[in-house]
1. Going by what's in this entry, would L252 be described as touching a helix residue (DSSP H, G or I) at 6+ places or on another chain (Cβ under 9 Å) and touching a residue at least 40 places away in the same chain (Cβ under 8 Å)?
2. Determine if the range 270-281 includes at least one residue that is basic (K, R), more than 25 Å from G309 (Cα to Cα) and either in a helix (DSSP H, G or I) or open to solvent by less than 20 Å² (accessible area, probe 1.4 Å) (or both).
3. In this structure, is H159 modelled with pLDDT under 85 and either open to solvent by 10 Å² or more (accessible area, probe 1.4 Å) or outside any helix (DSSP H, G or I) (or both)?
4. Pick from the range 391-428 the residues that are crowded, with 18+ Cβ neighbours inside 10 Å and among the small types (G, A, S): which of them is nearest to R543 (Cα to Cα)?
5. Go through (1) modelled with pLDDT under 95; (2) outside any loop (DSSP other than H, G, I, E, B); (3) surrounded by fewer than 17 Cβ atoms within 10 Å (Cβ to Cβ) for D431 and report which single condition fails.
6. Here is a check on your reading of the model: is I303 touching a Ser or Thr at 6+ places or on another chain (Cβ under 8 Å) and either in a helix (DSSP H, G or I) or open to solvent by 30 Å² or more (accessible area, probe 1.4 Å) (or both)?
7. On the given criteria, is S346 farther than 30 Å from L300 by Cα, small (G, A, S) and open to solvent by 30 Å² or more (accessible area, probe 1.4 Å)?
Amino acid sequence: MRRPRGEPGSRAPRPTEGATCAGPGESWSPSPNSMLRVLLSAQASAARLSGLLLLPPVQPCYLGPSKWGDRPPGGGPHAGPVQGLQRLLEQARSPGELLRWLGQNPTKVRPHHYPVALRRLGQLLGSRPQPPPVEQATLQDLSQLIIRNCPSFDIHTIHVCLHLAVLLGFPSDGPLVCALEQERRFRLPPKPPPPLQPVLRGGQRLEAALSCPRFLRYPRQHLIRSLAEARPEELTPHVMVLLAQHLARHRLREPQLLEAIAHFLVVQEAQLNSKVVQKLVLPFGRLNYLPLEQQFMPCLERILAREAGLAPLATVNILMSLCQLRCLPFRALHFVFSPGFINHISGTPHALIVRRYLSLLDTAVELELPGYRGPRLPRRQQVPIFPQPLITDRARCKYSHKDIVAEGLRQLLGEEKYRQDLTVPPGYCTDFLLCVSSSGAVLPVRTQDPFLPYPPRSCLQGQAAPQPTTRDPAQRVVLMLRERWHFCRDGRVLLGSRALRERHLGLMGYQLLPLPFEELESQRGLPQLKSYLRQKLQALGLRWGPEGG
């Protein structure tokens, strides 16, 4: 009795190297780089079929009532012919047997049977220890069966067959994959035509770009071009506020754009209230940029004189930006330090934040405006300015160098000779503070008062106090981390708040030792960082250890 072609025990020629997959009517064999070529090898690893073998079995679709009635899936004596055929396919012992079950039962074959057959084919070709032999005609006939019947497949069956065919190594330009892909595209719903984009003018285009949540952080040339193409009447306060907020948020110190905002503020002075002005002025203080527009400061002084009593928080916000630029107008300071203004804000929801800003303004007056003779913030109204690290430092603490610098100082000096995150009067948080004797020896902090007196005993007008040397008694050295996000985007100019803190600490008599992020990032590991810190401290004449006392 002749064995059916493809049955176990029959012999079939092994595929040759370099053979390619052909269409119906042509000799078919796997391409050299196909997965099928690997699977047909006797030494093929079943693990290479993981993507195919782990695919969940294809569930039969609902066929509706039939003359066999509703039968449980999975075979058995009560299973219907359709479910029985699926069981036979799942238990086929060779590719030839798969083809025989599909070809001899045309009335019982349903579309979902073809994914079952392809999946079983992959299992057979990846079986151990010896995969069954397979003839090229068998695979060609199976391919033709699928091509002939794929127009009746639903979209899910087409996707599954296409996925399995690719895993089995059928070439992407072969007839089977091409036929399935064509059916897949045919079933896809037609794409609606793209909506017509309205023609946007310069100001509208700028507003649309700044309002888009996917807008990139560095579209400087696009911003400048849109601003240059906008007509004056198209630059509304809303557009300019969006631009100012974008520059401040992303630390973009773009002189051309900042000058455009300053010019807009001067030209539109009469139409702007202090709530809009505070948003327009924000990037100048944050980015530490004083515009070249000559009417910038006179314009702000007039707005403050006109609007100060209408919006207290906006008034103080404007003065905060000007404080970072060292351009505080005396007339506005007279108003915000007056008893009437202080009593007015005491019962408001933002009283605490206003008092904090007024405390900072009072510190700026004490340290930077010795010629000011107007009212000051009463001592009972003063609160710590920044009693803890700033929000940006807390948000980016995992990127900070503070922990590794603290470990380097601990191993270099000992943890009793420095203080970390100490807030000194009037409320500035320091990164690391050292107490130094008159001879330059680093002293244990617990034996010294770490704070210098505030207000300082002397302060020179218009400039920082002379940098103290280690020969002066009771000196305090502050190590200041200058992280990457402490600078504007170009990395060369400190943000206004950082520059203000360093300026005020210097004016109060603290000796500052900056640690720039470029230098910290260049240290490879803790040993190099300790050597770097040792050089920095020794350059100030500091001594520690047995020789330092």
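The values are calculated or read from the model by the stated rules, or taken from the named source; none is laboratory data. Owing to the predicted nature of the structure, the values given are computational and were not obtained by experimental measurement. Cβ atoms come from the backbone with ideal geometry, glycine included; neighbour counts cover every protein chain shown. When the accessible area is computed, the model is the full protein with side chains, heavy atoms only, and any ligands, DNA or RNA have been set aside. Shrake-Rupley method; radii C 1.70, N 1.55, O 1.52, S 1.80 Å.
1. Numbers: touching a helix residue (DSSP H, G or I) at 6+ places or on another chain (Cβ under 9 Å): yes; touching a residue at least 40 places away in the same chain (Cβ under 8 Å): yes.
Yes.
2. No - not one qualifying residue is present in the range 270-281.
3. Values: modelled with pLDDT under 85: no; either open to solvent by 10 Å² or more (accessible area, probe 1.4 Å) or outside any helix (DSSP H, G or I) (or both): yes.
Taking the combined requirement at face value, the residue does not satisfy it.
4. That would be G408.
5. For D431, the failing item is (3).
6. Numbers: touching a Ser or Thr at 6+ places or on another chain (Cβ under 8 Å): yes; either in a helix (DSSP H, G or I) or open to solvent by 30 Å² or more (accessible area, probe 1.4 Å) (or both): yes.
Yes.
7. No; evaluated as a whole, the condition is false for this residue.
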